[in-house]
Amino acid sequence: MRSGAKIGIAGGVFVVVAGGVGYGAYNLWNGLNGSGGGGGSADTAQAAPARTGPPTADEISGVAKDFLAAWAKGDAARAAQLTNNVADSQPLLAGYRADAHVTRVTLTPGAASGAKVPFTVQATISYEGKTKPWSYASSLSVVRGLTTGRALVDWAPSVVHPDLKKGQTLTTGEAESAPIKAVDVNGVELTKAKYPSLGPVLDSLRQKYGDKAGGKPGIETYIGASGSAGGATEGSGGGSADSPAPARTLLTLSKGTPALLHTTLDARAQAAAEVAVKKFSESSVVAVRPSTGEIRAIANNRADAFDAATQGKLAPGSTMKIMTAAMLIDNGLASEKSPLLCEPSVVWQGQTFHNLDNFSIPGGTMEQAFARSCNTAFIKPVGKLNDRGIADTALPDTAKKYFGIGSVWNVGIPTFDGSVPQTSGPNTAAAMIGQGLVQMNPLNMASVTATARSGAFHQPVIVPRSLREGDTATARPLPAATAQQLRDMMHTTATAGYGTGTVAMSGVGGYKGAKTGSAEVDAQGKSNSWFTGFSDDLAAAAVVQSGGHGGDAAGPVVAAVLAAGS
């Protein structure tokens, strides 16, 4: 574990360079006293003549240079006074020297773009006799103070480092955990450089298993949670997804001894997933082996770098109909070849639900309704469930009993384990088609598909059982006839001319099946695209936020991963 001791640095030398001209005490004091268009202090300082409107170009340039000069000089108090949030900015700016152990820094502003000023950082970090250069780029924005009218740096932790977020700090010291050498099922090394979207996963694996697997920590500069030594805890329903992120290494001053960590990932599937998500922004995908629950690939392409593939909480749309179909079969309300009325619209407790373009299937079966993704066919039976007094509980019961949704998963990394809660009113009908209060992510839906494919729930895992502490979630096997009907209907969806997944799955070989989904989100102009499918002993699910129809965006992502095989 990281040492809790933080050793201060005395006598550090700080330099700021702006446009080739040195900025020192003269410019700093000039700005603080409000002359020359400098930034001025925060709203608690002596008020200057109030100004309104956006900061001028001179004000932006002046306050940026003065702020960088104070920061580079090591004067956190003065730099903080040039921001619009002294209380939050001063500890981070002071910690840059005291906690991150920066002994020298050159800050070079670039050309402003409106109120935004980019700058580069050339620094030196020294800790216990070890010294190493450190460089990166960041930016700041200038706004007008609400009370004083002065130009001020609009404070955000990302000013200090672009990866810093609220509640995090920069620290240099003994690493929180030993480094790892993660390998896939075939012994291929998995690195952030080769598989970029595995970054959060590898960080989590290191956090949890680096020391257990026999490694030794090194000395690093890292981003960690403020006031804590740890990262996220293991999966516990939705709780783990909200825990602090694992520490992120920015610079290694001395390498530790890496622990060899075997994972269930497959380099081929992972490589395909990395390429596939790059084609769509805000996309995530997970692949799972149905016969074992072993996770084969996890990939994200998101602006916020969040691991939505395993920790996201989104309505899954019509991919939910896999579990809804299982519930209807289990309760004797429908079967694969039985009639299931598909009308253009249906009303449940005052709310009207529609099919896409209000289509209908006269004389259709559940298989056809499933393959064409008819919403009304899967909502209409709610009335019969209501007559039995189980309308609000039937779907949650099926989700937990057969698919493990509602249990606590012990995956080996932080996960959100899906939520199909008891409901009432229109939310009961909405849940049948993956809307309302239902929340899932690609890991959850890949597991649901894997359960349908294999006939039994195998809780997803990413490391060997010997490393994972705690119990593994279990569920009852699906009745054989139910499992076969789910596979048949998914196969029809992926192969029949009218199946909504046929186009996306056309290039996937083997025995295959699929289910599409589109989830409407309030205040979002375009629905989220969902797709889940299987090919032989590999299942995958993907979501592309604002991607539209399931087969249009998420479909090609899943198909690419399945085609890579495992």
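The values are calculated or read from the model by the stated rules, or taken from the named source; none is laboratory data. Computed from a predicted model, the values in this text were never measured in an experiment. Neighbour counts run over all protein chains shown; Cβ positions are idealised from the backbone, glycine included.
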What tally of residues in segment 172-191 results from selecting those that are modelled with pLDDT under 95 and part of a loop (DSSP other than H, G, I, E, B)?
5
Within segment 180-193, track down each residue that is in contact (Cβ under 8 Å) with a residue 40 or more places away in the chain and surrounded by fewer than 21 Cβ atoms within 10 Å (Cβ to Cβ).
Lys181, Val183, Val185, Asn186, Val188
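Yes or no, residue by residue, for (1) outside the structural domain of Lys208 (by TED's automatic domain parsing); (2) out of contact with any Lys or Arg (no Cβ under 8 Å at 6 or more places or on another chain); (3) in a helix (DSSP H, G or I):
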residue	(1), (2), (3)
Asp392	yes, yes, no
Lys400	yes, yes, yes
Phe416	yes, no, no
Gln422	yes, yes, no
Asn427	yes, yes, yes
Ala431	yes, yes, yes
Cβ-Cβ under 9 Å pairs, at least 6 apart or on other chains, segment 347-362 side within 10 Å of Ala429 (Cβ to Cβ) and in the same structural domain as Thr428 (by TED's automatic domain parsing), far side assigned to a loop (DSSP other than H, G, I, E, B) and not aliphatic (A, V, I, L, M)
Trp348/Lys380; Trp348/Gly425; Gln349/Ser424; Gln349/Gly425; Gln351/Gly425; Phe353/Gln435
Selected residue [crowded, with 20+ Cβ neighbours inside 10 Å, within 30 Å of Pro196 (Cα to Cα) and either in contact with a Lys or Arg (Cβ under 9 Å, 6 or more places away or on another chain) or of a type in the set (Gly, Ala, Ser) (or both)] from Ala325, Ala308, Ala371
Ala308
Would segment 370-389 turn up any residue that is in contact with a Cys (Cβ under 6 Å, 6 or more places away or on another chain) and not β-branched (Val, Ile, Thr)?
yes
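Does segment 43-59 contain any residue that is surrounded by fewer than 20 Cβ atoms within 10 Å (Cβ to Cβ), in a helix (DSSP H, G or I), among the hydrophobic types (A, V, I, L, M, F, W, C) and at pLDDT below 95? Show your work before the answer.
Within segment 43-59, the subset surrounded by fewer than 20 Cβ atoms within 10 Å (Cβ to Cβ) is 43-54, 56-58.
Right, trim to in a helix (DSSP H, G or I) and you get 57-58.
Next, from what is left, pick out any that are among the hydrophobic types (A, V, I, L, M, F, W, C): 57.
Then drop every residue that is not at pLDDT below 95, which leaves none.
No; the residues of segment 43-59 include none that is surrounded by fewer than 20 Cβ atoms within 10 Å (Cβ to Cβ), in a helix (DSSP H, G or I), among the hydrophobic types (A, V, I, L, M, F, W, C) and at pLDDT below 95.
To keep it simple, each residue is scored yes or no on (1) in a loop (DSSP other than H, G, I, E, B); (2) modelled with pLDDT under 95; (3) farther than 14 Å from Pro290 by Cβ.
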| residue | (1), (2), (3) |
| --- | --- |
| Ile413 | yes, no, yes |
| Gly434 | yes, no, yes |
| Met445 | no, no, no |
| Arg453 | no, no, no |
| Phe457 | yes, no, no |
| Glu469 | yes, yes, yes |
| Ala481 | no, no, yes |
| Met490 | no, no, no |
| Thr493 | no, no, yes |
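Taking the stated definitions as given, is Pro344 closer than 28 Å to Gln484 by Cα and not hydrophobic (A, V, I, L, M, F, W, C)?
Working: closer than 28 Å to Gln484 by Cα: no; not hydrophobic (A, V, I, L, M, F, W, C): yes.
Considered against the rule, which asks whether it is closer than 28 Å to Gln484 by Cα and not hydrophobic (A, V, I, L, M, F, W, C), Pro344 comes out as no.
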Looking at (1) without any contact (Cβ under 8 Å) to a residue 60 or more places away in the chain; (2) touching a strand residue (DSSP E or B) at 6+ places or on another chain (Cβ under 7 Å); (3) within 24 Å of Ser338 (Cβ to Cβ), can you tell me which one Ala480 breaks?
(2)
Screening Thr103, Thr169 for residues that are assigned to a strand (DSSP E or B), assigned by TED's automatic domain parsing to the domain that holds Ser61, of a type in the set (Ser, Thr, Tyr) and out of contact with any His (no Cβ under 6 Å at 6 or more places or on another chain) leaves only Thr103
Is there a residue in segment 368-389 that is closer than 30 Å to Tyr209 by Cα and of a type outside the set (Val, Ile, Thr)?
no
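Identify all residues within segment 273-299 that are polar (S, T, N, Q) and farther than 30 Å from Lys401 by Cα; write none if there are none. Please lay out each step first, then the result.
Step one: filter segment 273-299 for residues polar (S, T, N, Q), giving 281, 283-284, 291-292.
Matches in segment 273-299: Ser281 only.
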Answer yes or no: is there a residue in segment 328-335 that is farther than 18 Å from His549 by Cβ, of a type in the set (Ser, Thr, Tyr), surrounded by fewer than 16 Cβ atoms within 10 Å (Cβ to Cβ) and over 30 Å from the mean Cα position of the chain (by Cα).
no
Sort out which residues of segment 382-395 are out of contact with any Ser or Thr (no Cβ under 8 Å at 6 or more places or on another chain) and buried (at least 21 other Cβ atoms within 10 Å of the Cβ), and write them in order of number.
Ala394
